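Since the structure comes first, as structure tokens, the remarks are kept for the end.
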Amino acid sequence: MLDFPPWKIWTIIGTIVLGFLFAAPNFVSERQAAAIPSFLPSKQLSLGLDLRGGSHLMLEADTNDVRKAKLESLEETVRSELRQVEGGAVAFTDMSTAGGNLSLIVTDPTRLDAAVEALRKVTRPLSGLSGARDVEVNVVDGNKIVMTETDAGVAQSIDNAMAQAVEVIRKRIDELGTREPTIVRQGSNRIVVQVPGLQDPSALKALLGKTAKLEFKLVDVTADPAEVAQGRAPPGSQILASLEGGPVVVKRRAIISGDQLVDSQVSSDQNGAPAVSFRFDSTGGRRFAQATQENVGKPFAIILDNKVISAPNINEPILGGSGIISGSYTTATANELAILLRSGKLPVELKVVEERTVGPDLGADSVRAGTIAAIVAVLAVSILMIATYGRFGVYAVIALVINVVLILGVMSVGGFTLTLPGIAGMVLTIGAAVDANVLINERIREEQRKGRGVIPSVEVGFRDATRTIWDANSLNIIVAIIMFAFGSGPVKGFAVVLSIGIATSVFTAVTVVRLMVSRWLAKGRPAALSI
């Protein structure tokens, strides 16, 4: 137990040195950390919202939007499938989405079975539910087909939409250059967003509140201005508001959507004014080229969230799969639009239902209070250990300091965020860390009372206590993992620090202290122990 080969000694020393190197940037300012040479660790521990201050937003989705979007998508799919039915297109009339269902009437009763079979193929099976599908296809009144989304299908659509919304939000916040945002779902239709260090959430709210649904549609130049003034558009067209002033009549069917967009950047138009350049993928580029070739001389509308942001003429085919959106943009608004387009559209509109800002002063007070608590805990434990166990207490205190440094180092290099509950977990770890040394020291005392010599007492004490320490801390790790898996944000923060603290405390209390004791015994060869 007390024999340490050279490789093990250097491994332990190397681990401690690395821990101090990774923890060191946390003891200097951000400016000083930025000046650290690139070959040395310079990453500082990220502080959570409760410590650093920042913005907290709770976003809520209207689930009716998900149902509506599903019906719109289903309508386009049904039209496409019925045109491609084997044996020729199926003619139908009276397609409607009233009542939350999609219904249509097949004009030729002999093609009814073919239509039903084709439409059932577009429905999807639901994972985990044997035989269940997202949409039911039924025939009523002889030749009327009704497609109804099942409850399980609705639930899955909402779950998929919210999961996609979380990723879109994450991309948008990352584009802002903010650090360590927390983005988690809460319930079935809510998302909590916490951004440390952001004191003014107005820009964040504006960015997250936009759906960013980009569409390119042809302008309906045949529309009667008098009819449009009365709010009536020709069949197959719709009236949209324009940012340039006045309504614009566009075809309902989009020639291309933002789903094929792969990049967007701030650029300049031909007059040098801020604009946004965009680029489609290969499929989108081909569709865009075909649409512009077929409609040279006609205007087309660039639509964002059902508002026309630009309606230029197609002077010539656009074959490169890229273009520029120009308008009355500033550099800031052009950058915002570029971020929105790059991150993709939100599958559902989100509204801010809760907003909270934590000031940096409150966060600083929390850090100060947590630091004082940690220092007091270390001092109190150190005095008690030294007074009780003498030299062995000194070793325990040294191990305790190394333990705290290793926790900071692991959290820094791992990119973990320290929260107020995390500080509580660290203080708890400080108290729990000396438990292992107490067990070891008491076992050594017990062996001394039995009359064993110095070396046998220390060896048996470490060996027997180590088994107990491993058993107890294994259970603690399991509890911490369960807390992390099922807990919310503050509980997760506590569980992370607790897990790291358990691992480092076992290493320092058992391995590091044992190394120090073995070196002392090898050099000093004491005849008796004062413990």
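For the criterion of being part of a helix (DSSP H, G or I) and either within 30 Å of ILE183 (Cα to Cα) or in contact (Cβ under 8 Å) with a residue 12 or more places away in the chain (or both), ILE455 passes. In the set LEU379, LEU384, LEU346, LEU337, only one residue is touching a strand residue (DSSP E or B) at 6+ places or on another chain (Cβ under 6 Å) and at pLDDT 80 or above; that residue is LEU337. Taking the criterion of being touching a residue at least 24 places away in the same chain (Cβ under 8 Å) and either in contact with a Pro (Cβ under 7 Å, 6 or more places away or on another chain) or loosely packed, with under 14 Cβ neighbours inside 10 Å (or both), the residues of the range 108-123 that qualify are PRO109, LYS121.
Per the listing ILE444, ILE481, the residue uniquely part of a helix (DSSP H, G or I) and surrounded by fewer than 20 Cβ atoms within 10 Å (Cβ to Cβ) is ILE481. Residues in the range 484-502 that are closer than 19 Å to VAL410 by Cβ and either charged (D, E, K, R) or surrounded by fewer than 19 Cβ atoms within 10 Å (Cβ to Cβ) (or both): 2 in all. Within the range 7-46, the set of residues being in contact (Cβ under 8 Å) with a residue 24 or more places away in the chain and of a type in the set (A, V, I, L, M) comprises ILE9, ILE12, ILE16, LEU18, LEU21, ALA23, LEU45. For the structure I just gave you, tell me whether VAL401 is farther than 13 Å from SER46 by Cβ, under 39 Å from the mean Cα position of the chain (by Cα) and surrounded by fewer than 23 Cβ atoms within 10 Å (Cβ to Cβ). Yes; evaluated as a whole, the condition is true for this residue. Taking the range 72-111 as the range and being under 15 Å from VAL137 (Cα atoms) and either assigned to a loop (DSSP other than H, G, I, E, B) or in contact with a Cys (Cβ under 8 Å, 6 or more places away or on another chain) (or both) as the test, the residues that pass are THR97, ASN101.
The values are calculated or read from the model by the stated rules, or taken from the named source; none is laboratory data. Note that the coordinates shown come from a computational prediction; the quantities given were computed from them, not determined experimentally. Quick reminder, even Gly has a Cβ in these numbers, built from the backbone with ideal geometry, and neighbours come from all protein chains shown.
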